[in-house]
Amino acid sequence: MPAITKSEKSDLNTAQRDVSRSVGLSGTKVLADNLLKLIQKESLKEIRSLIKPAVAFRYKIVPFGKQGRKIIVATAIIEDVAVLDEIRWVLGTDTDFYKAEPEQIEEALRYIYGLGAEAVGTVTENEPGNAMVPGMASDLDADSEEASVVRFVNELLSESIRERASDIHIEPFEKNLRIRYRIDGILYEIPVPETLRHLHTAIVSRIKIMANLNIAEQRLPQDGRIKVKTSPRELDLRISTLPTPFGESVNIRILNNSQVSLDLTKLGMLDHDLETINYLLAKPHGIVLVTGPTGSGKTTTLYSCLNRLNEAERKIITVEDPIEYQLPGITQIQVNPKIGLTFAQGLRSMLRHDPDVMLVGEIRDHETAEVTIQVAMTGHLVFSTLHTNDASNAVARLINMGIEPYLIAASVECIIAQRLVRKICPYCRKIVSNHNGQTQLVETLFGENAVIYKGEGCEHCKNTGYFGRTAIYEFLMIDEELRSHIIRKTSANHLRQIAVKKGMCSLRKDGIRKILNGITTLDEVLRVTQEVEE
């Protein structure tokens, strides 16, 4: 580490005066500022070089500066003089200790050394060449590595649940291993030790073992699931692996029942939308389609509809791939193409069980679409999903699958398009005064005197300004005029224009209503609706 300059020493002295204060007669130095904020002002590489990960995690100490040969350290056990002397002896240098809360220590350790640094350090610091008995060393090192990898995977899953992540991405590259969490729909890279790349194969193998996958097969994609118990609930993890030139990439989808509300009134629908959905649920037959990209909340919306209809006098059956959540009182079928159980085959079999309401997880091909329409036209209410940008394009998608326009017009009752937007953090919400170059756009959309909000960023939202998500919707109700246009194969854009003239609220307009209600921001609405801008 290069010698500290005079100006740096002056800055450090000033920083020390700012971050500490004396408490009582004991002279205990207590951090007056947030530990993580102090560390973020320094060079991470230099701070990491002060103390090895194994030592930092063992004694729960965080380096955050240096003055000459003296290291400045934060700890939660500042009252134990014997432990402090031991730490000085282990570090082999003079040390100044400052007291910090245990939560701050844990957060700072993860930030400096990366997630799982303690487990990884146990393996990388125990080189086989250091062992006295070569025959024994190999077994001991293998046991140590296995235990460390197990501990790392457990820590990875626990941390993702604490951070409210919906997905974990483990991506190998030539020189590094990248781990990212998807939180509220946005990917965030998680700091991990550089040496983690060497444990990539072991980490993937551990996840495969948990998911009952073939650890020897690394050339083909594999899918599996893991049940995880974490007090006081049980989580369902969906595992998917993909072969890449640098090893297998792993995606873990976290299905957390406690974070999902299957109540239609809590999905972000405004009063008019709720009236529309209640009208649709009262229909005896027909198809209700929900469209949107992957991860836009389509399944949650459909499950909420089924939850509303789930009464003793109704028989409800679903055919899904995969079954996202177990719904009490509803018969759910898992698609399995390997044995011939496709969506279409599942639908045909469902009819023999006298259902009133049916759900088809996704219409993917001509056969599934054809059977779905036949079922809807024989007196059943059917819900399903399609992957399209907006509601009007769903008609064109079905026609492209080979479905006759008159069948679409006769069976489809409503097409709902939706997107998920992040909600403004309630803990740091404030009125926007500076629109950062968007003043003209804001005035055009909301008027000169409109009050809109944003999140300033706080510890609750990890300084993002957002906490949680809600949905914006577009309801395309199929009436007689639209049915006649569908039969004539009117273009999707023309169908959309007709629907808007008849009062359809587009995705962007619904987003604007939620901006004015202080729920989300203009940036979020523009981000998810730019591809369907009118």
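Quick notes on this one:
- If you go through region 155-192 and keep only what is hydroxyl-bearing (S, T, Y) and assigned to a strand (DSSP E or B), you end up with S166, Y181, Y188.
- Residue satisfying all of: in region 420-438; open to solvent by 60 Å² or more (accessible area, probe 1.4 Å) and on the phi < 0 side of the Ramachandran plot; modelled with the lowest pLDDT among these: N434
- In region 51-67, the qualifying residues are those that are outside any helix (DSSP H, G or I) and open to solvent by 40 Å² or more (accessible area, probe 1.4 Å), and the one that is farthest from I87 (Cα to Cα) is Q67.
- Test result for I226, modelled with pLDDT of 95 or more, among the hydrophobic types (A, V, I, L, M, F, W, C) and open to solvent by less than 80 Å² (accessible area, probe 1.4 Å): no
- Just so you know, in region 495-534 the residues that are assigned to a loop (DSSP other than H, G, I, E, B) and in contact with an Asp or Glu (Cβ under 9 Å, 6 or more places away or on another chain) include one that is farthest from L270 (Cα to Cα), and it is K502.
- Unmet criterion (only one of (1) under 31 Å from the mean Cα position of the chain (by Cα); (2) at positive phi) for T470: (2)
- You will find that of G447, G503, G455, G511, the residue that is within 30 Å of E107 (Cα to Cα) and either of a type outside the set (A, V, I, L, M, F, W, C) or without any contact (Cβ under 8 Å) to a residue 60 or more places away in the chain (or both) is G455 and no other.
Residue by residue, here is whether (1) on the phi < 0 side of the Ramachandran plot; (2) in contact (Cβ under 8 Å) with a residue 12 or more places away in the chain; (3) not hydroxyl-bearing (S, T, Y) holds:
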site: T299; (1), (2), (3): yes, yes, no
site: C305; (1), (2), (3): yes, yes, yes
site: R308; (1), (2), (3): yes, yes, yes
site: Q326; (1), (2), (3): yes, no, yes
site: D354; (1), (2), (3): no, yes, yes
site: H387; (1), (2), (3): yes, yes, yes
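- Every residue from region 162-178 that is within 20 Å of C461 (Cα to Cα) and not charged (D, E, K, R): A165, S166, I168
- Flag if L196 is in contact with a strand residue (DSSP E or B) (Cβ under 8 Å, 6 or more places away or on another chain), over 17 Å from T244 (Cα atoms) and buried (at least 16 other Cβ atoms within 10 Å of the Cβ): yes
- Among the residues of region 294-320, the ones that are within 21 Å of T388 (Cα to Cα), open to solvent by less than 10 Å² (accessible area, probe 1.4 Å) and in contact with a strand residue (DSSP E or B) (Cβ under 8 Å, 6 or more places away or on another chain) come to 6 in all.
- The lone criterion from (1) at pLDDT 95 or above; (2) open to solvent by 20 Å² or more (accessible area, probe 1.4 Å) left unmet by V382 is number (2).
- None of S148, S144, S166 is farther than 25 Å from P245 by Cα, at pLDDT 90 or above, polar (S, T, N, Q) and open to solvent by less than 70 Å² (accessible area, probe 1.4 Å) except S166.
- Residues that are out of contact with any helix residue (DSSP H, G or I) (no Cβ under 7 Å at 6 or more places or on another chain) number at least 3 in the following strands (runs of 3 or more DSSP E) confined to region 228-291: 233-244, 247-255.
- Test: residue in region 456-463 that is in contact with a strand residue (DSSP E or B) (Cβ under 6 Å, 6 or more places away or on another chain), modelled with pLDDT of 90 or more, open to solvent by 60 Å² or more (accessible area, probe 1.4 Å) and farther than 21 Å from K37 by Cβ: no
- Complete set of residues in region 480-494 that are open to solvent by 90 Å² or more (accessible area, probe 1.4 Å) and assigned to a loop (DSSP other than H, G, I, E, B): R488, K489
- Filter result for the condition that a residue is assigned to a helix (DSSP H, G or I), under 21 Å from A117 (Cα atoms) and at pLDDT below 75, over I47, I105, I39, I87: I39
- Answer residue from region 495-527, given it is open to solvent by 20 Å² or more (accessible area, probe 1.4 Å) and within 21 Å of the chain's Cα centre (by Cα) and is nearest to G468 (Cα to Cα) among those: I519
The values are calculated or read from the model by the stated rules, or taken from the named source; none is laboratory data. Note that this is a predicted model, so its numbers are computed, not measured. All Cβ positions, glycine included, derive from the backbone under ideal geometry; neighbour counts span all protein chains shown. Side chains are part of the model used for accessible areas, which takes the heavy atoms of the whole protein and leaves out ligands, DNA and RNA. Shrake-Rupley method; radii C 1.70, N 1.55, O 1.52, S 1.80 Å.
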